[in-house]
Amino acid sequence: MKKFLHSRYGAPKGAALIIVLALVVLATIYTASASCAFIVNVQIATAGSLYKVGDSLDPLLGNLCGSADNYGFRLKVASVAPAGVGCVNGGCVTAVTIVPGVGIGYSSPPSNPIRFGGSPTGTGFTANCTFN
């Protein structure tokens, strides 16, 4: 039969250790996040071409807050222009959205205009982004 350590109030001492460790981890995460810059606004600088609605756009540069991810934020193509005047090959990005809750932020954000990758077909998209 195994014996477990218990406090005099009935809670296992291991539970207290787990709670303390959880608080240390949360404090570390909060401290790292407090010094990270996150995207708050985006304006298209260069529309690029051959993009499709729904394409994911990941920034190519910047110093990330940690190595847990490969990017600081992600954009989604919301609309594109068809081929024609001003958009020769079609698929020129006319609107993007910031994907909420994705990315780990930057200790040093990339310089504007930011280049993006991630689309299987689109090329040339850049944007000017504002960070907090």
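The values are calculated or read from the model by the stated rules, or taken from the named source; none is laboratory data. The structure displayed is predicted, hence computed values, not measured ones. Positions of Cβ are backbone-derived with ideal geometry, glycine not excepted, and every protein chain shown enters the neighbour counts. Heavy atoms of the whole protein, side chains included, go into the accessibility calculation; ligands, DNA and RNA do not. Shrake-Rupley method; radii C 1.70, N 1.55, O 1.52, S 1.80 Å.
Which of the three applies to the stretch 89-132, rounded, prolate or oblate, going by the alpha-carbon gyration tensor with a ≥ b ≥ c and a/c under 1.5 meaning rounded?
Verdict is prolate for the stretch 89-132.
Calculate the spin-label point distance for residue 46 paired with residue 102, positioning each point 7 Å from the Cα along the beta-carbon direction, and give it in nanometres.
2.3
Computing the accessible area with a 1.4 Å probe over protein heavy atoms, can you report the carbon and sulfur percentage for the stretch 50-132?
Whole-percent figure for carbon plus sulfur exposure: 55.
Give the span of the stretch 39-132's Cα atoms along each principal axis, as three whole-Å numbers ordered largest to smallest.
Taking max minus min along each principal axis of the Cα atoms, the stretch 39-132 gives 42, 21, 18 Å.
Can you tell me how much longer the chain between residue 61 and residue 121 gets when fully stretched, taken as 0.36 nm per residue apart minus their C-alpha distance, in nm with one decimal?
Extending this stretch completely gives an extra 19.6 nm.
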